[in-house]
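The values are calculated or read from the model by the stated rules, or taken from the named source; none is laboratory data. Keep in mind that this is a model prediction, so the values were computed, not measured. Reconstructed Cβ throughout: ideal geometry from the backbone, glycine too, with neighbour counts over all protein chains shown.
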Amino acid sequence: MGMDEPEQETVRGQLLILFLVTFIDMIGFGIVIPFLTYLVEDLAVEGGITAIGLWVGLVMTAYPMAQFLSAPLWGSLSDRIGRRPILMVGLIGNTFCFALFGLAPTLFIAIVARFLAGFFNGNIAVARAYIGDISRPDQMASRMGLIGASFGLGFTFGPFIGGELSAPAERWTIFEGTIFDAYPYLLPCLVASTLSIVSLLLARTRLPESLPGEARVQTEKLDWGRTMKTSFTRLFTSMRAPAIGSLLLVTMLYSFGFTIMHAVFILFTQMSPDAGGLGFTEAQNGRVFAVIGLTGIVVQGGLIRPLSKRFSSRSMLPVAVVVTGVGLGAIPYASVEYAWLWLLPTSIIIASGSGIFQPTSSGLMASYARDQDRELGGVMGAMESASAFARILGPATGGFVWTLTVDGAGWLNYRSVFHLCAIIMAITMIVSLRLPSEPTSTGSK
């Protein structure tokens with residue numbers, strides 16, 4: 001049964017506001033990407049630390065580690081009190097934690113700031129559950145792609161702004177002798193905090209609740225410890241569930257391979273050309289990530305809809321994994337002379353694979369959950385926890401392997417960690433081919 005025109009207008013309005021909220025939120029998150037490695041390197045040098053790659057991995061790991069601990073809680077809590085309050089909690093956390101990160105005087109404070117930001121940010125899983133609340137199964141992939149496009153748009157502007165605003169005292173005289181001279185990465189962090197406040201106001205005033213009271217899980221009292229235990233039990237139960245467990249494994253492997261690259265990409269691009277790197281600045285790295293984000297917009301905002309009509313989510317997943325793996329393995333073969341000629345198509349390949357994987361995996365998971373009559377918020381929370389667990393291991397593994405191999409010779413060198421990414425993607429592809437067929441039942445939303 002379809003919706004009448006007023007209902008369609010209401011849903012379109014919800015999608016638009018959710019798009020804007022997640023877009024602004026992801027700008028704030030993406031702002032830190034171009035300079036995070038440089039900030040960690042500066043703090044490590046001041047502290048007499050030489051294993052830069054390892055510490056970059058640890059700081060990057062703090063955010064997903066906190067998400068892993070909190071995502072099941074936020075997903076389950078959203079099933080009890082609604083999606084909207086949880087989205088706003090994440091935005092409040094972002095507002096304070098971005099500023100703290102920019103003011104971090106030590107690596108310990110930087111890690112704490114990233115951990116707190118990850119803990120309070122339950123937006124990804126809850127945003128997906130919100131889409132599930134207002135969508136039919138056949139609308140899932142395209143609408144997940146719409147939200148994915150907001151992520152891509154945020155990652156286009158966020159890293160670009162972060163790169164261009166880094167170290168402002170070195171570029172503009174107006175900032176000389178100010179706090180931005182002592183804290184060269186504070187300005188983009190303050191911009192991120194400001195954008196989170198704007199996003200919070202949008203959610204507070206314009207975003208309606210998607211989960212009606214009668215559809216919520218009833219509980220007499222919120223017990224944090226019991227909720228955490230229940231959430232983790234749900235995660236492990238989901239891992240054992242048919243179809244859902246297999247897709248969780250695919251998601252974990254994919255996120256693991258992908259986030260290894262997160263820790264080492266800028267370590268490679270900022271490395272001296274004499275050592276095999278590209279000698280990039282923060283601004284140049286920001287422009288690379290802007291290309292990745294722009295590709296994500298095109299794929300998730302435009303291509304995913306016709307692709308999802310022609311191909312099933314189940315059939316697109318292995319292709320997305322292979323495309324991503326090819327791009328990741330190609331990264332370290334860029335040379336200084338042809339850096340942009342190599343990195344631009346490579347970035348487009350990686351972003352295309354990721355842009356297909358994210359909405360199709362989310363849509364497929366929602367279909368599996370509905371087919372098995374499971375709570376959507378809990379399943380999406382489990383999916384995000386699985387991804388977060390992989391994102392804990394990914395940067396730490398990347399930083400560790402980089403530290404061991406960067407000065408090596410022969411087949412163990414700075415390229416080895418990118419080869420590892422490609423190998424993991426090959427394993428992921430094999431596992432994805434074993435996923436069961438997509439459920440064909442539909443409902444009316």
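Worth a mention:
- Condition check for Thr269: of a type outside the set (Phe, Trp, Tyr), buried (at least 24 other Cβ atoms within 10 Å of the Cβ) and within 23 Å of Ala396 (Cα to Cα): no
- For Pro436: the one exception among (1) surrounded by 15 or more Cβ atoms within 10 Å (Cβ to Cβ); (2) outside any helix (DSSP H, G or I): (1)
- Qualifying residues in region 378-400 (those that are surrounded by 24 or more Cβ atoms within 10 Å (Cβ to Cβ) and more than 18 Å from the chain's Cα centre (by Cα)) - the one farthest from Ala263 (Cα to Cα): Gly378
- Of the listed requirements (1) at pLDDT 65 or above; (2) of a type outside the set (S, T, N, Q); (3) in a loop (DSSP other than H, G, I, E, B), Val198 misses just one: (3).
- Of all residues in region 346-376, those being in contact (Cβ under 8 Å) with a residue 24 or more places away in the chain, acidic (Asp, Glu) and outside any helix (DSSP H, G or I) number 1.
- Any hit, region 171-183, residues being within 30 Å of Met380 (Cβ to Cβ) and surrounded by fewer than 22 Cβ atoms within 10 Å (Cβ to Cβ): no
- Across region 188-219, the number of residues qualifying as within 19 Å of Phe98 (Cβ to Cβ), among the hydrophobic types (A, V, I, L, M, F, W, C) and either touching a strand residue (DSSP E or B) at 6+ places or on another chain (Cβ under 7 Å) or crowded, with 22+ Cβ neighbours inside 10 Å (or both) comes to 4.
- Only a single criterion out of (1) surrounded by 19 or more Cβ atoms within 10 Å (Cβ to Cβ); (2) without any contact (Cβ under 8 Å) to a residue 24 or more places away in the chain is not satisfied by Met65, namely (2).
- Selection of region 401-416 for residues being crowded, with 18+ Cβ neighbours inside 10 Å and touching a residue at least 60 places away in the same chain (Cβ under 8 Å) yields Val401, Trp402, Thr403, Val406, Tyr414, Arg415.
- Among the candidates Gly327, Gly355, Gly363, residue that is at negative phi, crowded, with 21+ Cβ neighbours inside 10 Å, modelled with pLDDT of 95 or more and in contact with a helix residue (DSSP H, G or I) (Cβ under 9 Å, 6 or more places away or on another chain): Gly327
- Criterion applied to Leu341, Leu307, Leu303 was being on the phi < 0 side of the Ramachandran plot, of a type outside the set (Lys, Arg) and free of Cβ contacts under 8 Å to residues at least 40 places away in the same chain, and the one residue passing it is Leu341.
- When Pro188, Pro184 are screened for being more than 26 Å from Glu375 (Cβ to Cβ), modelled with pLDDT of 90 or more and in a loop (DSSP other than H, G, I, E, B), only Pro184 passes.
- Restricting region 272-289 to residues that are in a helix (DSSP H, G or I) and of a type in the set (S, T, N, Q), the residue that is surrounded by the fewest Cβ atoms within 10 Å (Cβ to Cβ): Gln284
- Looking at Thr50, Thr61, just one residue is more than 22 Å from Met144 (Cβ to Cβ), out of contact with any His (no Cβ under 9 Å at 6 or more places or on another chain) and not in a helix (DSSP H, G or I), and that residue is Thr50.
- Scan of region 131-144 for residues that are in a helix (DSSP H, G or I) and either surrounded by fewer than 21 Cβ atoms within 10 Å (Cβ to Cβ) or modelled with pLDDT of 70 or more (or both), ordered by number: Ile131, Gly132, Asp133, Pro137, Asp138, Gln139, Met140, Ser142, Arg143, Met144
- Tabulated pairs, region 417-445, first modelled with pLDDT under 80 and among the basic types (Lys, Arg), second surrounded by fewer than 17 Cβ atoms within 10 Å (Cβ to Cβ) and assigned to a loop (DSSP other than H, G, I, E, B), C-beta under 6 angstrom, 6+ apart or interchain: Lys445/Arg136
- Number of the condition not met by Ala388 [criteria: (1) without any contact (Cβ under 8 Å) to a residue 12 or more places away in the chain; (2) closer than 30 Å to Ser210 by Cα]: (1)
So that you can scan it fast, the table gives a plain yes or no per residue for (1) over 30 Å from Leu87 (Cα atoms); (2) assigned to a loop (DSSP other than H, G, I, E, B); (3) not β-branched (Val, Ile, Thr):
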| site | (1), (2), (3) |
| --- | --- |
| Gly378 | no, no, yes |
| Met383 | no, no, yes |
| Ala388 | no, no, yes |
| Thr397 | yes, no, no |
| Ala409 | yes, yes, yes |
| Tyr414 | yes, yes, yes |
| Met425 | yes, no, yes |
